[in-house]
Amino acid sequence: MGNKVSHCEARKMGRALAGAVLGCLLVQLAAFSATAAEAPSAEVPLRRVVLYTSGVGFFEHDGQVQDDAQVELTFNVREMNDLLMSMVVEDLGGGTVSAASYGSQTPTAQTLKTFSIDLAENPTLGQLLNQVRGEQVEVEAPNKIVGTVLGVEKHKKQVGEQEFIESEVLDLLTDDGLRAVPLEGASRIQLLNQRLDAELRKALAVLATTHAAEKNAVTLNFLGKGTRQVRVGYLQEMPVWRTSYRLVLSEKKPPFLQGWALVENTTETDWKDVDLTLVSGQPISFKMDLYQALFVPRPEVQLPSYASLRPQMYGEALERKQAEFNRLREKRAELAARPAEEAAAMPFGAAAAPAAPPPAAAPWNLQQGVQAAARAGALGELFQYAIAAPVTMPRQTSAMLPIVNNEVQGEKLAIYDESVQAKHPLNGLRLVNSTGLFLMQGPVAVFDGGAYAGDALIDNVPPGSERLVSYAIDLDVEVAPQAKSEPERLVSVKLVKGTMLITQELTRERQYTIKNSGKAPQKVLVVYPIEPGWTLVEPKQPAETTRDKYRFAVEVKPGEPATLVVREQQSVGQQIALSNADIGAIEVYIGAKEVSDKVKAALAEVVQRKQTLQEAAQKHSQLQQQLQAIVQEQDRIRKNMAELDRTSDLYKRYVKMLNDQEDQIARLQTEIQDASAKQTALQNALDQYLMGLDLP
């Protein structure tokens, strides 16, 4: 045999090699487990929380570890996906993070399929017994029966004259022969195979665990020497933090705004002296299932019967393979040459608030302990509220935190919007955000003159922006709107290639009469809708313009009604084909003063040509009518001649009449042809004239 190895010997060598590899892996796994077991546990407390209005929170743990150490964090199972997608770890003292271990979760259906009895599809009792065919069972129905399961069949059982139900029957092979046991009469069924019975109980235990709210521990293994600072950060789903405001109005003092943030701690960790930052904005955030084990279905390939039918694999061309290898080698060299600070990840958090926040946390450097796999950049702008004092909140509690407590600029006024309240305006305030902070949307409780005055809502207000706030009906001011309309007015007429382009102007007017029954002058802001196509004529400029509203300011003194007139215009275009236009309609524009002399002259020429054409058409129609009358008369004569003697005088008279009519027909046909040709010539001349018109 020489150096050849038999197939049997090769299989023995393969098994020996596999055993050696498996043994090596087991030794390494045992060594790792021993190292992990020997590493002492360390506590890295929660130091910083950043809550976003997108429904997530960033949590940062910061502390010290000694030599090789383990840090264990506990989470709800529902939080594991966010953790696996976002967790960042740093060892700032030169150590490394060897692994982050956690209890895996295989899909329940996949786990159930691993048992001898499959409960994944929620089987009935009959379907379950079909899975244990060939096994021995003990049945009480009502007597005790021991036998081997052959299967379960279905029988139809009559319960009425025309009604049947389906029942399941267990077929058993017993010492006495075959037995059919209706399952509806069985009070107890026991699997005599203890291993199979244990499998069933384990499968049920797996189902039971899916109903409980489980928790999972994540263990971080830090490897290094000496005392070192470490940090752990991760995202979790959190309730959206909200804001509510109190606005105090006074006649002698500027408005005072107080804002509160509503925050919930729904985590499994108590917040103790935590640096809390609240960030407004909408960063993109999504969920992805990374915690549950994923099994990919694979195709089943049958062994071919002949070598010529084996699946073929085609290798890459050598020159392409070498070129790809060179590109990868150059890319690795380029990455290795980059400075460490360039490969560091961008810091987490948000843009700084205008107000001086507490000292910012050091930026995350993912090279400290964990190799950075990619670089990220900041997109968009966020605004943050950095809570000055450390926050302490036990788990599953809520808190109100003050974020705004400033005087603001504002002007009291009345806001009238006919679509909101047709008779009275609303008490309001023009609020200027002079706090230097970004005011998030939220409700506002308004206090005026030391008493509650009403509620309001504000949208997001950037620093320096203005918003109107309305909170009550102003019963001292009454507004009476009245609509007026004017007839359409002709603006211009143009002629372009046989088409008359007419421009008309529509005007509408709305008058507001405002009466102030109070004791002090009142500024009323009238809100008027903007409609596309309409141009504001009076007043020339509104006091303010929003995306879809005009706002007009009116000063109203007590007992002196004030009037606001809003006038708008709209241009309407119309096209009329002159070839089809009625002469009377054209003559209307000839007499209009808005039409230029050149256009009037051209229209007059069109009218004259159309009149000549109408006369020719009328002449042509008359000739055709005459011809038709003669033809009808000939039909009458021929019918009469059929009843007469050919030698009679009347018959001879009819013959003469027919001869004379034939002469008339020949003459009329000639005249009709001439009239038709004349009409066609006049129409062509008119069309040519119209197409040559181009008069502004």
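Would you mind stating whether T35 is buried (at least 17 other Cβ atoms within 10 Å of the Cβ), part of a helix (DSSP H, G or I) and modelled with pLDDT under 75? Against the criterion (buried (at least 17 other Cβ atoms within 10 Å of the Cβ), part of a helix (DSSP H, G or I) and modelled with pLDDT under 75), T35 does not qualify. Here the condition is being in contact with a Leu (Cβ under 8 Å, 6 or more places away or on another chain) and more than 30 Å from I586 (Cα to Cα); of V446, V527, it holds for V446 alone. When G147, G126 are checked against the criterion of being in contact with a helix residue (DSSP H, G or I) (Cβ under 7 Å, 6 or more places away or on another chain) and either at pLDDT 90 or above or in a helix (DSSP H, G or I) (or both), G126 stands alone in meeting it. One residue stands out in the range 433-456 among those that are within 20 Å of L262 (Cβ to Cβ) and of a type in the set (A, V, I, L, M): the one that is surrounded by the most Cβ atoms within 10 Å (Cβ to Cβ), namely L439. Being assigned by TED's automatic domain parsing to the domain that holds E671, modelled with pLDDT under 90, farther than 29 Å from P696 by Cβ and surrounded by 12 or more Cβ atoms within 10 Å (Cβ to Cβ) is a property that L644 has.
Determine whether the range 505-518 contains at least one residue that is touching a helix residue (DSSP H, G or I) at 6+ places or on another chain (Cβ under 6 Å) and either under 30 Å from I586 (Cα atoms) or outside the structural domain of A422 (by TED's automatic domain parsing) (or both).
Of all residues in the range 505-518, those touching a helix residue (DSSP H, G or I) at 6+ places or on another chain (Cβ under 6 Å) come to none.
No, every residue in the range 505-518 fails to be touching a helix residue (DSSP H, G or I) at 6+ places or on another chain (Cβ under 6 Å) and either under 30 Å from I586 (Cα atoms) or outside the structural domain of A422 (by TED's automatic domain parsing) (or both).
Taking L490, is it of a type outside the set (F, W, Y), at pLDDT below 90 and not in a loop (DSSP other than H, G, I, E, B)? Against the criterion (of a type outside the set (F, W, Y), at pLDDT below 90 and not in a loop (DSSP other than H, G, I, E, B)), L490 qualifies. Criterion applied to G134, G160 was being loosely packed, with under 13 Cβ neighbours inside 10 Å, on the phi < 0 side of the Ramachandran plot, in the same structural domain as V181 (by TED's automatic domain parsing) and in a loop (DSSP other than H, G, I, E, B), and the one residue passing it is G160.
Only residues that are among the polar types (S, T, N, Q), under 26 Å from E587 (Cβ atoms) and under 47 Å from the mean Cα position of the chain (by Cα): list them for the range 479-504, please.
T503, Q504, listed by residue number.
Scanning the range 235-256 for residues that are in a strand (DSSP E or B) and touching an Asp or Glu at 6+ places or on another chain (Cβ under 7 Å) yields L235, Q236, E237, L249, F256.
Just to be sure, is V139 out of contact with any His (no Cβ under 9 Å at 6 or more places or on another chain), in the same structural domain as A205 (by TED's automatic domain parsing), in contact (Cβ under 8 Å) with a residue 24 or more places away in the chain and assigned to a loop (DSSP other than H, G, I, E, B)? Break it down into steps so the answer makes sense when it comes.
Details: out of contact with any His (no Cβ under 9 Å at 6 or more places or on another chain): yes; in the same structural domain as A205 (by TED's automatic domain parsing): yes; in contact (Cβ under 8 Å) with a residue 24 or more places away in the chain: yes; assigned to a loop (DSSP other than H, G, I, E, B): no.
In short, no.
The residue of the range 203-236 that is modelled with the lowest pLDDT, among those that are surrounded by fewer than 16 Cβ atoms within 10 Å (Cβ to Cβ) and among the charged types (D, E, K, R), is E214. Annotation note: of V655, V631, V588, V599, the sole residue that is exposed (fewer than 14 other Cβ atoms within 10 Å of the Cβ), out of contact with any helix residue (DSSP H, G or I) (no Cβ under 7 Å at 6 or more places or on another chain), of a type in the set (V, I, T) and under 30 Å from E505 (Cα atoms) is V588. The numbered conditions (1) within 30 Å of E199 (Cα to Cα); (2) crowded, with 18+ Cβ neighbours inside 10 Å; (3) at pLDDT 80 or above are all true for D91 except (1). Residues that are in a strand (DSSP E or B) and small (G, A, S): does the range 181-197 have at least one? Looking for residues that are in a strand (DSSP E or B) and small (G, A, S), one finds none in the range 181-197, hence no.
Look at (1) touching a Lys or Arg at 6+ places or on another chain (Cβ under 8 Å); (2) touching a residue at least 60 places away in the same chain (Cβ under 8 Å) and you find that L84 fails only one, number (1).
Table: residues versus (1) in the same structural domain as Q504 (by TED's automatic domain parsing); (2) exposed (fewer than 13 other Cβ atoms within 10 Å of the Cβ); (3) under 58 Å from the mean Cα position of the chain (by Cα); (4) in contact (Cβ under 8 Å) with a residue 24 or more places away in the chain.
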site: P529; (1), (2), (3), (4): yes, yes, yes, yes
site: P532; (1), (2), (3), (4): yes, yes, yes, no
site: L564; (1), (2), (3), (4): yes, no, yes, yes
site: A617; (1), (2), (3), (4): no, no, no, yes
site: Q625; (1), (2), (3), (4): no, yes, no, no
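Whether a residue is in the same structural domain as Q683 (by TED's automatic domain parsing), closer than 30 Å to S492 by Cβ and either under 60 Å from the mean Cα position of the chain (by Cα) or basic (K, R) (or both) was assessed, and R667 does not pass this test.
The values are calculated or read from the model by the stated rules, or taken from the named source; none is laboratory data. Just so it is clear, the structure is predicted and the values come from calculations on it, not from any experiment. Virtual Cβ from ideal backbone geometry, glycine too; neighbours counted across all protein chains shown.
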